[in-house]
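The values are calculated or read from the model by the stated rules, or taken from the named source; none is laboratory data. It should be emphasised that the depicted structure is a prediction, and the values quoted were computed from it without experimental measurement. Here the Cβ positions follow ideal geometry from the backbone for every residue, glycine too, while neighbour counts run over all protein chains shown.
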Amino acid sequence: MASSHTIERSGRADWTLMTAIHDALRRDLDELITTTAGPAAARARWIVFRDQLRRHLAAEHAAMWRPARVKLTGDPHGQALLEAMDDEQQLIGPLQAVADDAFTMAARPAQLRPLLARLQTKLASHLAHEEADALPLLGQIMSPAELGSITRALRGGTGGRAAHTIPWALAHASPAVRTQVLSQLPASTRLLYRTIWRPRHTRTAPPL
């Protein structure tokens, strides 16, 4: 199984940003389950996690799964894998919604932890499956231009959503991963990251 803790490359594809985002999702959910912070701090971090997960799944759907279906027309194995990806994501949505309601109602930690643990189980399984099977396949069938479109969709372009997604994803990434992700950005965006986005994230990220 491919490890998300190394720089992921498959053929022409560089999945470094993808796996950095996956690791950030795992990190946030782990910290939410084990935190002893108060309700306000925990809910603030949950909102960051929730929004990043929603955006990530939406970006994958639009830029990755939809064109992959076209590419894999007539390939039963490939289509079955995409169906499995879709089925797994369908299971994540309701679990996220239940946890979101619990945070909104200021549920106690003893009530939140089982909900977050169920979400963690499904999300971790899905991300591992995607990294082990789907990403290597996509690296083989997608053109360089399509792979570039996926990366741009994941980071949210070069401004706007990227100003939040990139510093969040790289907050605890290794120096090698950080360097690789930043190398894919225009020089002007790298400057924004170093001078504005990362310092702002450091100041404003909800602590746990």
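Looking at the stretch 119-208, the helices (runs of 4 or more DSSP H) lying wholly inside it that each contain 1 or more residues that are among the polar types (S, T, N, Q) and touching a helix residue (DSSP H, G or I) at 6+ places or on another chain (Cβ under 6 Å) sit at 144-155, 162-170, 175-183. Look at (1) over 14 Å from Leu17 (Cβ atoms); (2) modelled with pLDDT under 95 and you find that Arg155 fails only one, number (1). In the stretch 79-123, the residue that is farthest from Ala62 (Cα to Cα) out of those that are polar (S, T, N, Q) and surrounded by fewer than 16 Cβ atoms within 10 Å (Cβ to Cβ) is Gln111.
Within the stretch 54-87, the set of residues being more than 21 Å from Ala124 (Cα to Cα) and either in a helix (DSSP H, G or I) or in contact with a His (Cβ under 8 Å, 6 or more places away or on another chain) (or both) comprises Ala62, Ala63, Arg66, Pro67, Ala68, Arg69, Val70, Lys71, Pro76, His77, Gly78, Gln79.
Pairs are defined by a Cβ separation below 8 Å, a sequence spacing of at least 6 or placement on different chains, a first member in the stretch 106-129 that is over 19 Å from Arg54 (Cβ atoms), and a second member that is among the basic types (Lys, Arg) and buried (at least 17 other Cβ atoms within 10 Å of the Cβ); the pairs so defined are Ala106/Arg43.
Taking the numbered list (1) within 20 Å of Ala62 (Cβ to Cβ); (2) at pLDDT 95 or above; (3) surrounded by fewer than 17 Cβ atoms within 10 Å (Cβ to Cβ) in turn, Gln184 passes all entries but (2).
All of Pro136, Pro175, Pro167 fail the test of being closer than 15 Å to Met18 by Cβ and of a type outside the set (S, T, N, Q), apart from Pro136. Within this structure, Ala84 passes the test of being more than 22 Å from Pro207 (Cβ to Cβ), of a type in the set (A, V, I, L, M, F, W, C), modelled with pLDDT of 95 or more and touching a helix residue (DSSP H, G or I) at 6+ places or on another chain (Cβ under 8 Å). If only residues of the stretch 124-133 that are among the aliphatic types (A, V, I, L, M) and surrounded by 16 or more Cβ atoms within 10 Å (Cβ to Cβ) are counted, the one that is nearest to the chain's Cα centre (by Cα) is Leu127.
Residue count for the stretch 29-63, restricted to those that are among the hydroxyl-bearing types (Ser, Thr, Tyr) and touching a helix residue (DSSP H, G or I) at 6+ places or on another chain (Cβ under 6 Å): 1. Across the stretch 12-34, the qualifying residues are those that are over 18 Å from Gln96 (Cα atoms) and modelled with pLDDT of 95 or more, and the one among them that is surrounded by the most Cβ atoms within 10 Å (Cβ to Cβ) is Ala20.
Listed by first and then second residue, the pairs with beta-carbon distance under 8 Å, at least 6 apart or on different chains, first residue in the stretch 188-208 and in contact (Cβ under 8 Å) with a residue 60 or more places away in the chain, second of a type in the set (Gly, Ala, Ser), are Ala205/Ala171; Pro206/Ala41; Pro206/Ala44; Pro207/Ala37; Pro207/Ala41; Leu208/Ala37; Leu208/Ala41; Leu208/Ala42.
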